[in-house]
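Asker: Mind having a look at this structure? Questions to follow.
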Amino acid sequence: MKNYLSLLIIFFSLVFSGCGKKEMNFNYRNNPEPLVRNAYIKLPLGSVKPSGWLKSQLELQAAGLTGNIDDFWPDLVNSSWRGGDGEAWERGPYYLDGLVPLAYLLENDSLIRKAQEWIQPILASSSDSGWYGPAKNKDRWPLAVANKVLMQYYEASGDSAALNVLIKYFRYLHDSPPDWPDSEWRGVRAMENAVTGYWLFRQTGEPWILETIESIQRNSSDWTSYYEKFPWDSAASTDKKIPLNWDSTGLTAHVVNNAMAVKYPGLWYQQADDERYKKAVFSGIEKYDLNHGQAGGRFSGDEHLSGKSPSQGTELCSVVEYMYSLEELYSIFGDNKLAGRIESLAYNSLPGTTTPDMWAHQYDQQSNQVLVSGAKRDWSTNGEFSNIYGLMPNFGCCLANMHQGWPKFIRSMWMATDDNGLALVLYGPSVVKAKVAKGNEVTITEETDYPFRGTISLTIQTSKSVKFPLYLRIPEWSDSVTINFKDNTVTVKGGSEHKLNERWKNGDKITIEIPMNIRTEERYNSSLAVLRGPLYYSLRIDKEFRAVKINYDNFGYKGSVDWEIYPKSDWNYGLLLGKDLMRGLKVKENPVGKYPFSDNGDMVWSADSGKYVINTQDPPVVITARGIKIPGWTMKNNSADVPPVSPVKPEDDPQRITLVPYGCARLRITEFPVMDIVLMEDVIR
Ligand SMILES: [Zn+2]
């Protein structure tokens, strides 16, 4: 009798514990206990591939700096990470953090071989203690980056040697005393290790890995309190109180550290299961926007956080790191605002700070960027070459670190869900091949010219019909989105998520129509930015590219040129808008060209002819608007002065002005003063 009773107790306890639990994905590992379950599961690298214009963009990247710099940049040519005797710190791992995913997403054999030439010496360097990398490096910071490289490499290649190196290194961290000083990069950025740590825990389930992460969290910089207090706000910026140094306080005002650290409380939330950490993340993002926010989804930092004026700069490293932080945070929290922000950065700030051919990049980009040249500007701490498009303007970190932007974005476009379905998170032309339901493999092809157009067509390929949920993110800026599938039409409000829980058969199609309405966003001094879908639009300024020699050797390699860009037309326009925003605005759509983010007149490297040529294609979208010149708005310290406070009283006649996507405009006004509408109502009519 006693036995029956205990069996009965076991039976009921199983039933009840089962009731309390959410479903868990059979095909991809979400966080096991004791971690908090994540909202979405990142698919292994290679599951999502680019297509359409996005594939062209990655091919440009492969043919540009990413596919070439380790052949001519001495810091990479002789890198100790690949067995040389040169640079032994962050530059090798930074480069690989983008090269490895790029090579595998493009299935480009020569890039995969190139990546292997780096990876093999790294795998071979793993020592008995668990430490790895160049013998002369004793600093943990570059290994935090190399960990992410090996994690991606393992996912794409299945090479278990990479997994073993990571397990041994985390053992090393577990068994060694904490070494995370607040005054050093490795301490300020220590929780970067947690990205790989939690991934490793999902692979192995080893509880000591969580002990390692807990020790890092407890013994490194306290970013959670930082986001709660947020000491470096607008007032600190105006009063020049932001510490422009490299000690433990200055490092917390450093733009790249901020862009990386915003994910740290979120990473720790998985283990802490405490809302405090989630709140720190979202309030941090809000405070960046409020105090340092820039058009294009980023925040300023021309090395140190530098306020909201549209002539302040944002370092490229911080754009790609912010994107990566948000991609991690999206999988943890599943908040659609984060996904919208990733698109904003990827489709505006990222392309706007490289040349269309991806042979040159800026250190600092500006929203109102009217002169690209070597000259003194009001940066917090950066040098005079920071806004030129070149090989390594100001400093070489961005040249090493920029490569992760596009490939990691693509990897995050689709994610898996706990109910064995898929979520379409970030829109753009792509193909996902993944397991759904009880292990059925499906391929979904997403055809679209998004973000330039709002029509998205999904086609499902499956060997047999299979029921699984498909979640669609409905962008927060859209009014109402129409979805057609299996003879059904539904209309969904923006900012939501729509679940299609259907039995899908081979060839099933889903079309999504996102209306690309034009809207405005209030910015510095009540200026306005113009948006259409996820894209910001900037004033087109006629320009002249001048190849220059600056204060470093650019090695004269193929397309490697440093460009200054000079304005050849006026830029000091205010926007003339009617109460009906669309009145006076004309949108023209053009085919997406060979260089998706370029404007007519840009210099682009032509691999076919082996020289620079002038691009003659218009951007995929061109908007005609009306503007009025503001004579009093001039240059100050080699940048456009802050826009005069809007509304501005007109002194001149209206003219036609042209707006192009921010990412296509290397000279631009993005934050426009607005002309006094009441006065001008007659004119626009
Ligand atoms: Zn940088």
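Asker: Please compute the alpha carbon radius of gyration of segment 106-194, then divide it by the globular-protein estimate 2.2 N^0.38 Å. Two decimals is fine.
Answerer: Ratio of Cα Rg to 2.2 N^0.38 Å: 1.14.
Asker: Of all accessible surface on segment 389-457 at a 1.4 Å probe, what whole percent is carbon and sulfur?
Answerer: Looking at segment 389-457 in its full context, I get 49 percent from C and S.
Asker: Now for a different question. Among the lysines, which have Cα under 21 Å from the Cα of LYS438 when same-chain residues fewer than 8 positions away are ignored?
Answerer: By straight Cα distance, LYS438 reaches LYS21, LYS22, LYS42, LYS464, LYS467, LYS499, LYS505.
Asker: For segment 345-459, what is the convex hull volume of the alpha-carbon atoms per residue, in Å³?
Answerer: Per residue, the Cα convex hull of segment 345-459 comes to 143 Å³.
Asker: With the Cα gyration tensor of segment 171-318 in hand, convert its eigenvalues to equivalent ellipsoid semi-axes via √(5λ) and list them largest first in whole Å.
Answerer: 29, 16, 13
Asker: Then there's this: Compute the distribution of all C-alpha to C-alpha distances in segment 418-494, in bins of 10 Å from 0, and list the percent of pairs in each, rounded to whole numbers.
Answerer: Result, from short to long distances: 16, 49, 30, 4 percent.
Asker: How far is helix 275-292 tilted off the main Cα axis of the chain, in degrees rounded to 10, range 0 to 90?
Answerer: The helix 275-292 is inclined about 10 degrees to the chain.
Asker: I've got another one for you. Give the residue list of trypsin sites (Lys or Arg not before Pro) in segment 94-172 that are DSSP loop and have at most 11 other beta-carbon atoms within 10 angstrom.
Answerer: LYS136, LYS138
Asker: Straight-line reach only, C-alpha to C-alpha below 28 angstrom: list the lysines that LYS138 could link to, leaving out same-chain residues fewer than 8 apart.
Answerer: In chain and number order, the partners are LYS114, LYS148, LYS168, LYS263.
Asker: Under the rule that an exposed site lies in a DSSP loop and has at most 12 other Cβ atoms within 10 Å, name the longest stretch of the chain with no GluC sites (Glu not before Pro) of that kind, not counting the sites themselves.
Answerer: 108-650
Asker: Do me a favour and compute the ellipsoid semi-axes for segment 138-179 from its Cα gyration tensor, root of five times each eigenvalue, largest one first, whole Å.
Answerer: Equivalent-ellipsoid dimensions as semi-axes: 21, 12, 6 Å.
Asker: Helix-only mean residue ellipticity at 222 nm, the chain, DSSP H runs n ≥ 4 weighted -39,500 (n - 2.57), per residue, nearest 500. What is it?
Answerer: Calculated mean residue ellipticity at 222 nm is -10000 deg cm²/dmol.
Asker: Continuing with this model, one more query. DSSP loop (so not H, G, I, E, B), at most 10 other Cβ within 10 Å: list which trypsin sites (Lys or Arg not before Pro) in segment 301-398 pass both filters.
Answerer: Passing both the DSSP loop test and the Cβ count: LYS376.
Asker: Provide, for q = 0.14, 0.24, 0.27 Å⁻¹, the log10 of I(q)/I(0) from a solvent-free Debye sum over equal Cα point scatterers in segment 449-516.
Answerer: Relative scattering, expressed as log10 I(q)/I(0), comes to -0.42, -1.08, -1.26.
Asker: Under 1.5 on a/c is rounded, so check that first for segment 235-354, then, if it is not, pick prolate when a/b is larger than b/c and oblate when it is not; a ≥ b ≥ c are the square roots of the alpha carbon gyration tensor eigenvalues.
Answerer: In terms of gyration-tensor shape, oblate.
Asker: P(r) for segment 616-678, please, calculated from all Cα pair distances in 5 Å bins and given in %.
Answerer: 4, 14, 23, 23, 19, 11, 5, 1
Asker: Which values of log₁₀ I(q)/I(0), to two decimal places, follow from the Debye formula for the chain at q = 0.11 Å⁻¹ with a uniform point scatterer at every Cα?
Answerer: Here log10 of I(q) over I(0) equals -1.17.
Asker: Still on this model: Just list whichever of LYS408/LYS543; LYS337/LYS486; LYS337/LYS649; LYS586/LYS629; LYS408/LYS433 have alpha carbons separated by over 24 Å in the model shown.
Answerer: LYS408/LYS543; LYS337/LYS486; LYS337/LYS649
Asker: Next question. Tilt of helix 141-157 relative to the longest C-alpha principal axis of the chain, in degrees (0 to 90, nearest 10)?
Answerer: Computed tilt is about 70 degrees.
Asker: Over segment 446-574, what portion of Cα pair distances is larger than 27 Å, expressed as a whole percent?
Answerer: 49 percent
Asker: Among the trypsin sites (Lys or Arg not before Pro) in segment 580-615, which ones are in a DSSP loop with at most 11 other Cβ atoms within 10 Å of the Cβ? Mind listing them?
Answerer: Loop-located and lightly packed - ARG583.
Asker: Turning to a different aspect of this structure: Work out, in µm²/s and without decimals, the Stokes-Einstein translational diffusion coefficient of segment 502-549 at 25 °C, 0.890 mPa s, Rh from Kirkwood over C-alpha pairs.
Answerer: My calculation gives 158 µm²/s for D.
Asker: Still on this structure, I have one more. Percent relative contact order of the chain, based on C-alpha pairs within less than 8 angstrom and at least six residues apart?
Answerer: With pairs under 8 Å counted, the relative contact order is 14 percent.
Asker: Once the Cα atoms of helix 52-63 and of the chain are each reduced to a long axis, what angle between those two axes, in degrees from 0 to 90 to the nearest 10, is obtained?
Answerer: For 52-63 against the chain, the angle is about 90 degrees.
Asker: Positive end of the dipole of segment 504-652, charges at C-beta (+1 Lys, Arg; -1 Asp, Glu), about the Cα centre: which of GLY601, MET516, PRO644 has its Cα farthest in that direction?
Answerer: Final value for the positive-end residue is MET516.
Asker: Express in % the proportion of alpha carbon pairs of segment 308-361 at distances exceeding 16 Å.
Answerer: 47 percent
Asker: Heavy-atom accessible area per residue, segment 211-280, 1.4 Å probe: how many Å²?
Answerer: 42 Å²
Asker: Quick one: grab the alpha carbon gyration tensor of segment 22-172, order the square roots of its eigenvalues as a ≥ b ≥ c, and give me rounded if a/c is under 1.5, else prolate or oblate depending on whether a/b is larger than b/c.
Answerer: Because a/c hits 1.5 or more and a/b fails to exceed b/c, segment 22-172 counts as oblate.
Asker: Oh, and also: For LYS241, go through the aspartates and glutamates and keep the ones whose alpha-carbon is under 16 Å away, minus same-chain ones fewer than eight residues off.
Answerer: Within the straight-line cut-off, LYS241 pairs with ASP233, ASP302, GLU303, ASP378.
The values are calculated or read from the model by the stated rules, or taken from the named source; none is laboratory data. The structure presented is a predicted model; accordingly, all values stated were derived computationally and were not measured. In this analysis, Cβ positions are derived from the backbone assuming ideal geometry, glycine residues included, and neighbour counts consider all displayed protein chains. All accessible areas refer to the heavy atoms of the entire protein, side chains included, with ligands and DNA or RNA removed. Shrake-Rupley method; radii C 1.70, N 1.55, O 1.52, S 1.80 Å.
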